[in-house]
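J.: Provided herewith is a single structure, encoded as structure tokens, for subsequent inquiry.
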Amino acid sequence: MLDLEVVPERSLGNEQWEFALGMPLAQAISILQKHCRIIKNVQVLYSEQTPPSHDLILNLTQDGIKLLFDATNQRLKVIEVYDLSKVKLKYCGVHFNSQAIAPTIEQIDQSFGATHPGVYNAAEQLFHLNFRGLSFSFQLDSWNEAPKYEIPHGAMVKRMHIYTGNNLQETRAPVMPLACFLGNIYAECVDVLRDQAGPLGLRLRLLTAACGPGVMADSKVRPIEKSIFFGDSCQDVLGALGSPHKVFYKSEDKMKIHSPSPHKQVPSKCNDYYFNYFTLGVDILFDSTTHLVKKFVLHTNYPGHYNFNIYHRCDFQIPLVIRKEGSDSQTEDCVLTTYSKWDQVQELLGHPMEKPVVLHRSSSANNTNPFGSTFCFGLRRMIFEVMQNNHIASVTLYGAPRTTGQPRPESSSSSH
């Protein structure tokens, strides 16, 4: 049985690990994988058809704990303990729930002190006692009439929630705690830079944990902005984003067969390679000969996709200038985002002329993919990988590489 410390408005954990509010989904899953012999039978609950509209939940069924992650930013929003008989809980090092200590209203008063009167929910038949960042729900099955303010003696806690602020219904996932950066950089947002012909590059608003001179107490989150373009060198990218988490060399190009070029079957002497930035949700492809950027891949990290949880979500925006119907001169500005569906993309960019390429990923070990195939459509130097629920799994951006001596574009002048 897990023995966990409760920190209101912050976390639930022990000396080995901690689920902290604001923690990225990938880090919580990493904790569960590392301690899989202790924390077993974990369910991943999500909306298959409309994943952005419902929180993503990790349900620790053996321990009676649910971790609720914000559907948009995929950070931990609420920690719920829904079965207190399966876990030991303590506050400031003193147990208030264990096999020997029942979580009664008297015990909660003793451990946490006074607070505002409880609120009764007739539909749930629960009495909610709220502290800042922490609430307890008491079962009132045996009472015919609920009291107005005071919870009856002997009432037992049925559920406990840890969250940010004073209102569980209005709480939001906080910003990522400093302890979760672990030396990585994260992307707050990614803007695709374009001209009339197509994509030019990316402008990334990055977050990093900056420390004072040898003093951790001076640590704070520091935003920085960087731009990278098609035709940039490896050194340009390394200088802007730092070292990638992984370098992946393409062993074969499975899309080459769709090329009209007569030399498509000729094997290349060396392989193009990707810089994988998992915490940014971005891949960058370099040409094997010139070592210049030739492609960007932006990942949405939707549950139900084969690559789910490999990348953090890339919160991107692609600005478009669309000509109004019946007018050659009038245009309107539109934006495609991580949350745009394929129907919306087609309304803005038109329908592809060719049928999609069907992409079926599978593990080499068992050759199965429980999520099914995705479909790749090409429009305006962009390839949209579309899931079966009509959401975008990834966007691949192609650019016209700069010729020798051509100046590097300026990010401020290339916003459309």
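J.: Which whole-number percentage describes the relative contact order of region 2-162, with Cα contacts under 8 Å and a sequence gap of 6 or more?
T.: 20
J.: Largest first, what is the accessible-area ranking of VAL282, VAL94 with a 1.4 Å probe? Before the final figure, lay out the partial values.
T.: Working: VAL282 0, VAL94 90 Å².
Ranked from most to least accessible, the order is VAL94, VAL282.
J.: Under a 10 Å cutoff between Cα atoms, tell me which one of ILE101, ILE65, ILE228 has the largest fluctuation in the Gaussian network model of the chain.
T.: ILE101
J.: Test of understanding: in a Gaussian network model of the chain with alpha carbons linked when under 10 Å, which of MET23, MET156, MET353 would top the mean-square fluctuation ranking?
T.: In this elastic network of the chain, the residue with the biggest mean-square fluctuation among MET23, MET156, MET353 is MET353.
J.: Continuing with the same structure: Based on DSSP H runs of at least 4 residues, each adding -39500 (n - 2.57), what is the mean residue ellipticity at 222 nm of the chain after dividing by all its residues, to the nearest 500 deg cm²/dmol?
T.: Calculated mean residue ellipticity at 222 nm is -2500 deg cm²/dmol.
J.: What number do you get for the chain when its Cα radius of gyration is normalised by 2.2 N^0.38 Å, N = residues?
T.: Output field value: 1.18.
J.: Shifting gears a bit: Can you pick out the pairs among LYS88/LYS341; LYS40/LYS90; LYS295/LYS324; LYS34/LYS226; LYS40/LYS226 whose Cα atoms lie more than 32 Å from each other?
T.: Over 32 Å apart, Cα to Cα: LYS88/LYS341; LYS34/LYS226; LYS40/LYS226.
J.: Out of all DSSP beta bridges in the chain, what portion is antiparallel? Express it as a percent rounded to 5.
T.: Rounded to the nearest five, the antiparallel share is 95 percent.
J.: If you don't mind, another one. Of the options ALA100, LEU140, LEU12, report the single residue whose Cα projects farthest towards the positive end of the charge dipole of region 2-162 (beta-carbon charges: Lys, Arg +1; Asp, Glu -1).
T.: Farthest towards the positive end: LEU12.
J.: Additional query: Please get the size of the charge dipole for the chain, origin at its Cα centre, with Cβ charges of +1 on Lys and Arg and -1 on Asp and Glu, quoted in debye to the nearest 20.
T.: For this selection, approximately 1180 debye.
J.: GNM, the chain, Cα, under 10 Å: largest mean-square fluctuation among THR374, THR289, THR104?
T.: The residue with the greatest mean-square fluctuation here is THR289.
J.: So for HIS153, HIS360, what's the accessible-area order with a 1.4 Å probe, most first?
T.: Putting HIS153, HIS360 in descending order of accessible area: HIS153, HIS360.
J.: Given Cα pairs under 8 Å that are at least 6 residues apart, what percent is the relative contact order of the chain?
T.: 12
J.: Note the per residue figure in Å³ for the convex hull of the C-alpha positions in region 2-162.
T.: 128
The values are calculated or read from the model by the stated rules, or taken from the named source; none is laboratory data. Note that the structure is predicted; figures quoted are calculated from it, not measured. Virtual Cβ from ideal backbone geometry, glycine too; neighbours counted across all protein chains shown. Protein only, heavy atoms only, side chains kept; ligands, DNA and RNA dropped before computing areas. Shrake-Rupley method; radii C 1.70, N 1.55, O 1.52, S 1.80 Å.
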